[in-house]
Amino acid sequence: MRDRRWIGMAAVPGFALGGFFDGILLHQILQWHHLLSLVPEVSSLRLQVLWDGYFHALMYVVAAVGLWGLWTARGALREARTAYLAGAVLAGFGLWHVLDGVLSHWVLGIHRIKLDSPDPLMWDLVWLFAFGLLPVVVGFLLIRRNAGSPPVQPAALLVLLGLITAGAGYWALQPPPGQPDFTTVVFPTDSGPDAALRAMAATDARLVWADPGMSVVVFSVEPARRWSFYRHGAMLVSGSGLPAGCFNWSRA
């Protein structure tokens, strides 16, 4: 009975990893959709980037809650088994995709897996089964084999989950493969073009692209100088560190 207490707790980091997997692969690498791609009021690139940033920040919070819960339960975890916790993490990973598929794709309709597909429902169903239902089923099968697996080493488990979560968050900061190492900078809409121009001059950056109001600007700049944009009024700077970037959106 005691083991059942940790199914949900061990599933929380898996749930967060499912969100990171979705955001990194679909929002950034494949660029098939953004979190709110089908919301008419969020049609601008600036707002799409804003909500993707909120989404990744939320996944950090979810992962931190799960890891803290496992840390506080490290004594009781010695009674659990490796297959039990591995199955719980995998089930949490799948649960994210099940909830995302049902709520985001069909109930709320805020995005679909592959927006430019002539048959978006097919992609929704493939994703739901491959990354949602299948991991959930495999996870519960692993839990049922709990008795035959070796005991958990709590310290090793927490270090492993922490490294995986940190690695996922780091990867979320990286540009898609093959894309030049440009830096996207978002300024407050009321700052006007002057803020971007001053920041560009101060950091010796080269302008690559900008929206008409220069509130979303893409620069070619030395990576070491990215943090300098915050001193010149930037709200979000890609590649400069996720927490500072996302939390600065609160000024929008």
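The values are calculated or read from the model by the stated rules, or taken from the named source; none is laboratory data. None of the values given here were measured: they were computed from a predicted structure. No Cβ is skipped: glycine too gets one built from the backbone with ideal geometry, and neighbour counts run over all protein chains shown. Only protein heavy atoms, including side chains, enter the accessible area calculation; ligands, DNA and RNA are left aside. Shrake-Rupley method; radii C 1.70, N 1.55, O 1.52, S 1.80 Å.
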Inset, instruction - Could you identify the single residue in R206, R145 that is at pLDDT 80 or above, open to solvent by 80 Å² or more (accessible area, probe 1.4 Å) and among the charged types (D, E, K, R)? - result: R206
Legend entry - Number of the exception - T184 against (1) open to solvent by less than 50 Å² (accessible area, probe 1.4 Å); (2) at pLDDT 85 or above; (3) not in a loop (DSSP other than H, G, I, E, B): (2)
Inset, instruction - Examine the range 36-52 for a residue that is modelled with pLDDT of 80 or more, of a type in the set (D, E), open to solvent by less than 30 Å² (accessible area, probe 1.4 Å) and more than 24 Å from P212 (Cβ to Cβ), and state whether such a residue exists. - result: no
Inset, instruction - Check R5 against each of (1) surrounded by fewer than 21 Cβ atoms within 10 Å (Cβ to Cβ); (2) assigned to a helix (DSSP H, G or I); (3) at pLDDT 90 or above and name the one condition it does not meet. - result: (3)
Inset, instruction - Could you list, in sequence order, all residues of the range 213-225 that are of a type outside the set (F, W, Y) and in a strand (DSSP E or B)? - result: V216, V217, V218, S220
Inset, instruction - Please work out which residue is nearest to G19 (Cα to Cα), limiting yourself to the range 112-121 and to residues that are open to solvent by less than 60 Å² (accessible area, probe 1.4 Å) and either of a type in the set (V, I, T) or in a helix (DSSP H, G or I) (or both). - result: I113
Legend entry - Options D100, D124; residue that is free of Cβ contacts under 8 Å to residues at least 60 places away in the same chain, in a helix (DSSP H, G or I), closer than 29 Å to H33 by Cβ and open to solvent by less than 30 Å² (accessible area, probe 1.4 Å): D124
Inset, instruction - Determine which member of the set G109, G94 is part of a loop (DSSP other than H, G, I, E, B), among the small types (G, A, S) and touching a residue at least 60 places away in the same chain (Cβ under 8 Å). - result: G109
Legend entry - Residue count for the range 187-212, restricted to those that are touching a residue at least 24 places away in the same chain (Cβ under 8 Å) and part of a helix (DSSP H, G or I): 7
